[in-house]
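Notes to accompany the following structure.
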Amino acid sequence: MPDKPKFYLTTPIYYANSRPHVGSAYTTIVCDVIARYKRMCGYDVAFVTGTDEHGVNIERAAEAKGITPQQLVDENEKIFRELWKLLGITNRIGNGGEGFVRTTSPEHARAVQTLVRRTIEQDKHLPPDKRSIFKRKYEGRYCIYDNAYVSDTPEPVNCPTCGRPAELISEENYFFRLSAYKDRLLDLYKSQPQFVQPDFRMNEVRSFVEGDLRDISISRKSIKWGIPWPGDPEHVFYVWYDALTSYMTAIGYGEGEDGEANPQFRKYWTASDAHVLHMIGKEIIRFHAVYWPAFLMAAELPLPKQIFAHGWLLFEQEKMSKSKGNVAYPEPIVKAFDELTGAKVGNDALRYYLLRETVFGQDGNFSRESLIIRYNADLANGLGNLASRVLTMMEQYFDGRIPNMPVPWPGEREKQIENLKTWVFEAARARYDSFDFSGALEAIWRLIAEVDKYLVEFQPWVLAKDKAKWDQLETVLSAAYDAVRVATFLAHPVLPESTQRIWPQLGQVGKLGSEFLDDLLLPLGRQPVRIGKPEGVFPRADKKELYERIEAMENEIRNPGTAQPSATSPAPAATGASAASSTAPVASSKITIEDFAKVELRVGRIDSAERIQGADKLLKIMVNIGDEVRQVLAGIALAYAPENLVGRKVVVVTNLAPRKMRGLESNGMLLAASTADGNPVLCTFAEEIPPGSKVK
Ligand code: MSP
């Protein structure tokens, strides 16, 4: 038997200064889907995550809590680990050890020190001005919140990412001669255009390297909380050299003279067939696609095969982030779903939503309301309902035996379904392969919708009433059964828990995760299979009740001891294009005409529109509503060029409480529909209508 192909997959290591939120869980969930999928494709997968535990922000967070940095990271690391368990994350190395790395572990310190020693050793014969690592005075501004240099001059400046004043740093540092790697990096991007994905990110990285590539500081004297520099312990490593090396520590780098003694490291990193993928968020691409390959080139170690940078999960148009206070946490979502449906569905509901709703690679909006809607529509009414209908009929009419496989007397319609099944198999596979998760799920759900339609057309419950039609009944149920089997199988990487509960109901044995994708479309054989007891897998969720429960649980995390819904997050309300969402909790899932009348809607004419610096999605719009001109901030910048909006008539919610965003006031909201991809489409008028007219 030839060896399985290798696949080494990493998430970024998460800052352990606070607990994870849905945004941080996103990268890990995505990686888990990839890891599960690759295993089903026959790969030997090493999948690693971990925590980034050094740096000033950890020191400060610990100080604020009156504990040591080590105590703080120990506390938070546990929360990460527990969350990954709750989310069923399969971070492990092959079939062996846990894939979890901590940067405060002794193994990691050894790995970082070995890497730098190896680099210095390699350059010994070079003149000092050609060596990759050297000492120099550094003076510049540094953002301790984003762990990034903001400027290389001492003048005061604000961090472009978080807007806070950057701190002055002035000290002797060890530097990495990044400037010397310009040509080699450009050659790398040229010879391996897939090195950075998606393509548009590759272009960003290339332009950055083509510009003025500066040497970077990789040590700190002013910080105590870090890995000591070998032979110069006054210095500790700067977070990125330390953090990036963790990708190798996790699989055993650092052992032996050259650091490469560990067989796992050789297998997953240095072997000629090793395939290393770093999955990251878009804001840390430079560190991964520029610094990291240069560090590795300097140490003469093989490079990863690919860096994939995904977009952000936005909450009210802004990146979800603890420091901005606009976060949703995964635990309440999972637990509230489980509690209120009485079934273990919360994890799969969250995973499905995150992968289905956002086009992977681009930014996506997170909303609890759409999460619940998706669950009810696609899981409860979609896969769950179809599986339970088909299985219940098989139980009822055929005593739980699958009549015959393949479909006994296929007609035109059955052949169509058969073809669709093959198409879905190929499409889902190709889309999973290219990390187009929403596309893969869309293909699978196309099959579910088609079989739903097929059952409505042939009405097996009517066929069952006439014994003469039982051949046809058998055909219809066999075709439907097999489509459910295929959909369940293909959805497994995204819905690991629920598909595994459907699997035995389909009369299938074993763990879905150990099945091979290539076997999926093999004929099942003609012997009847006994199905398991049909049981609903996705009970419907009551939107309002669930929403409020999630809110209360989240609030409990934010302010332990209080279980009130948060006053700062929007309850389910009309989807608007404005940044100013409603803040009132929903009172009931149906509203009265009086409730509706509370919303004042008017025709507005857009007088001007302009972009807002630093906010990709927002436009500042001046809208004439008859007796006044209002300033409204609307999250439509990706869908509309400002100059195309002037003169447009739109629907404005005029009695919404004003709200500040990015220091600007938004006084109203523009109504817009949302396409399946989450793009806004403004509501507008076909007939002439003066601004200020009431909409009712
Ligand atoms: N510690 C560094 C990474 C070092 S890797 C060698 C770091 N940590 S982080 O905790 O700030 O972010 C970790 C990952 O979580 C990043 O990929 C980041 O993009 C992701 N996310 C954090 N918030 C996010 C969203 N709101 N949306 C999507 N992903 C986000 O950077």
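Need one number for the chain: average projected area of the convex hull over its C-alpha atoms, nm².
Its Cα hull, projected and averaged over all orientations, spans 35.3 nm².
Quick one: accessible surface of R118, probe radius 1.4 Å, all protein chains present, in square angstrom to the nearest 10.
Using a 1.4 Å probe on the heavy atoms, I get roughly 40 Å².
In the chain, if the dipole is taken from +1 on Lys/Arg beta carbons and -1 on Asp/Glu beta carbons about the Cα centre, which of P263, L618, L115 is farthest to the positive end?
In the chain, that residue is L618.
What's the center-to-center distance, using Cα atoms, between the stretch 142-194 and the stretch 437-502 in Å?
Cα centres, the stretch 142-194 to the stretch 437-502: 54 Å.
For the chain, what is the relative contact order in percent, using Cα pairs closer than 8 Å and at least 6 residues apart in sequence?
Contact order relative to length: 11 percent.
Out of all DSSP beta bridges with both ends in the chain, state the antiparallel percent to the nearest 5.
So the antiparallel bridges amount to about 70 percent of the total.
Please compute the Kirkwood hydrodynamic radius over the stretch 1-154, one decimal place, Å, based on all pairs of different Cα atoms.
The Cα-based Kirkwood calculation yields 18.3 Å.
Please report, ordered by residue number, every helix of the chain (full DSSP H runs) that is 24 Å or longer along its axis going by C-alpha atoms and whose mean Kyte-Doolittle hydropathy reaches -0.5.
In the chain, the long hydrophobic H runs are 22-40, 437-458, 470-491.
Straight distance only, please: which aspartates and glutamates reach the Cα of K694 with their own Cα at less than 19 Å, same-chain residues fewer than 8 apart left out?
Leaving aside aspartates and glutamates fewer than 8 places away in the same chain, those within reach of K694 are E594, D595, E600, D607, D627, E628.
Ranked by accessible surface with a 1.4 Å probe, highest first, in what order do K4, K137 come?
From most exposed to least exposed: K137, K4.
Top to bottom by accessible area (1.4 Å), largest first, where do K511, K6, K182, K696 land?
K696, K511, K182, K6
Taking the Cα centre of the stretch 94-197 as origin, sum charge times position over the Cβ atoms of Lys and Arg (+1) and Asp and Glu (-1), and report the length of that vector in debye to the nearest 20.
The calculation lands at about 360 debye.
Going down the list K124/K182; K38/K85; K543/K696; K305/K617; K182/K305; K415/K469, which pairs span over 24 Å between their C-alpha atoms?
K543/K696; K305/K617
If one puts a single equal scatterer on every Cα of the stretch 475-551 and applies the Debye formula without solvent, what log₁₀ I(q)/I(0) results at q = 0.13, 0.17, 0.22 Å⁻¹?
Evaluating at q = 0.13, 0.17, 0.22 Å⁻¹ gives log10 I(q)/I(0) of -0.49, -0.73, -1.07.
Two-decimal Rg/Rh of the stretch 379-514 from alpha-carbon positions, Kirkwood Rh?
Rounded to two decimals, Rg over Rh is 0.97.
Restricting the calculation to Cα positions, tell me the Rg (one decimal) and the Dmax (whole number) of the stretch 307-383 in Å.
Considering the stretch 307-383 through its Cα atoms, Rg and Dmax are 13.2, 40 Å.
The values are calculated or read from the model by the stated rules, or taken from the named source; none is laboratory data. All of these numbers come straight from a predicted model, not from anything done at the bench. Cβ coordinates were reconstructed from backbone atoms using ideal geometry, including for glycine residues, and neighbour counts include every protein chain displayed. To get the accessible areas, we keep the full protein, side chains included, count just its heavy atoms, and leave off ligands, DNA and RNA. Shrake-Rupley method; radii C 1.70, N 1.55, O 1.52, S 1.80 Å.
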